[in-house]
1. Do the conditions hold for Phe75, that is, is it in contact with a strand residue (DSSP E or B) (Cβ under 7 Å, 6 or more places away or on another chain) and either touching a residue at least 24 places away in the same chain (Cβ under 8 Å) or surrounded by 14 or more Cβ atoms within 10 Å (Cβ to Cβ) (or both)?
2. Going by the conditions given, is Asn61 touching a Phe, Trp or Tyr at 6+ places or on another chain (Cβ under 9 Å) and surrounded by fewer than 16 Cβ atoms within 10 Å (Cβ to Cβ)?
3. For segment 27-58, how many residues are outside any helix (DSSP H, G or I), crowded, with 17+ Cβ neighbours inside 10 Å and out of contact with any strand residue (DSSP E or B) (no Cβ under 7 Å at 6 or more places or on another chain)?
Amino acid sequence: MMTRSRGTWWLAGVLVLLAGCANDTLTMSNYERLSPGMTRAEVEAVLGEGEKCTGAMGFSNCVWGDRKRSIQAQFVANRAITFQYQGLEQTGR
C-alpha cells in the first residue's frame, strides 16, 4: 500500500516529467532567428526536429507545436521560403 506522502511525491514527479515534455523552443526569440534560405537542418538546429512534416516533389511543410502555439515552415529544395507562427508571446523591442 502506498502512503499518502509517497503518492504525493510520485504525482509530483510525473508532473515534472510532463512539464519537461513541453516544447520550450517555441518562443518569439527563436522565431526571430529564422530566415528564408536556411536549410531544414539549420531550422531544426533552432527548433528541434520537425514534429509534423509533409511534402512531395521538392516541397515540404513542417510544423512545431500544436493548434494553440506553433511555428510552421515551408521548404523548397530543402531551403526555407516562408515561416509563420501562432500563439507566441511578442518580445519587447
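1. Values: in contact with a strand residue (DSSP E or B) (Cβ under 7 Å, 6 or more places away or on another chain): yes; either touching a residue at least 24 places away in the same chain (Cβ under 8 Å) or surrounded by 14 or more Cβ atoms within 10 Å (Cβ to Cβ) (or both): yes.
Against the criterion (in contact with a strand residue (DSSP E or B) (Cβ under 7 Å, 6 or more places away or on another chain) and either touching a residue at least 24 places away in the same chain (Cβ under 8 Å) or surrounded by 14 or more Cβ atoms within 10 Å (Cβ to Cβ) (or both)), Phe75 qualifies.
2. Against the criterion (touching a Phe, Trp or Tyr at 6+ places or on another chain (Cβ under 9 Å) and surrounded by fewer than 16 Cβ atoms within 10 Å (Cβ to Cβ)), Asn61 qualifies.
3. 1
Bear in mind these aren't lab numbers, they're just calculated from the coordinates by the rules spelled out. Since the structure is predicted, the reported quantities are computational estimates derived from the model, not experimental observations. Don't worry about glycine lacking a Cβ; one is built from the backbone with ideal geometry, like all the others, and counts go over all protein chains shown.
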